[in-house]
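Below is one structure, written out as structure tokens; the observations come after it.
No lab work stands behind these numbers, since they all come straight from the coordinates. Since this is a predicted model, take the numbers as computed values, not measurements. When we count neighbours, we look across all protein chains shown, and the Cβ atoms used for this are built from the backbone with ideal geometry, even at glycine.
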Amino acid sequence: MQAIIETGGKQYRVAPGDVIRVEKLAGDAGSEIELAAKAAFQDGGELVTGATVKATIVGNGRGDKIIVFKFKRKKQYKRTIGHRQDFTELRVGEIVPQVSYGS
């Protein structure tokens, strides 16, 4: 089973056992969180509505530094700054489909 989740303004396709890096989430390493799935698919390709994804926070960290260089020609304007993005690493546990009790 696979699911598409959205967090931090980005969408990720996940399956049980995957480890993904997402934008920083509140929580300590080892705590479990639930994310709503935008779409979930069975192994046969059937669409499942209303699924949730259970994941465990593996750890928090910061990405590699990128250099941002601003420059305007003929104006003697130059600025150099660096940026390191915070992230949270998640291990996807299980994808739970919504149970419907009805006719």
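List of remarks:
- Scoring 71-84, 11-24 by mean Cβ neighbours within 10 Å over their residues and listing the highest first yields 11-24, 71-84.
- Beta bridges from DSSP with both residues in the chain: antiparallel share about 100 percent, rounded to the nearest 5.
- Once the C-beta distance of Arg84 and Thr52 is scaled by a Förster radius of 41 Å, the resulting FRET efficiency is 0.85 to the nearest 0.05.
- Of Leu90, Leu47, Leu35, the one that fluctuates the most in a GNM where the chain has Cα springs shorter than 10 Å: Leu47
- Between Asp43 and Ile67, residue separation times 0.36 nm minus the direct Cα-Cα distance comes to 4.4 nm.
- Percent of C-alpha pairs per 10 Å bin in the chain, short distances first: 14, 35, 22, 14, 9, 5, 1, 0.
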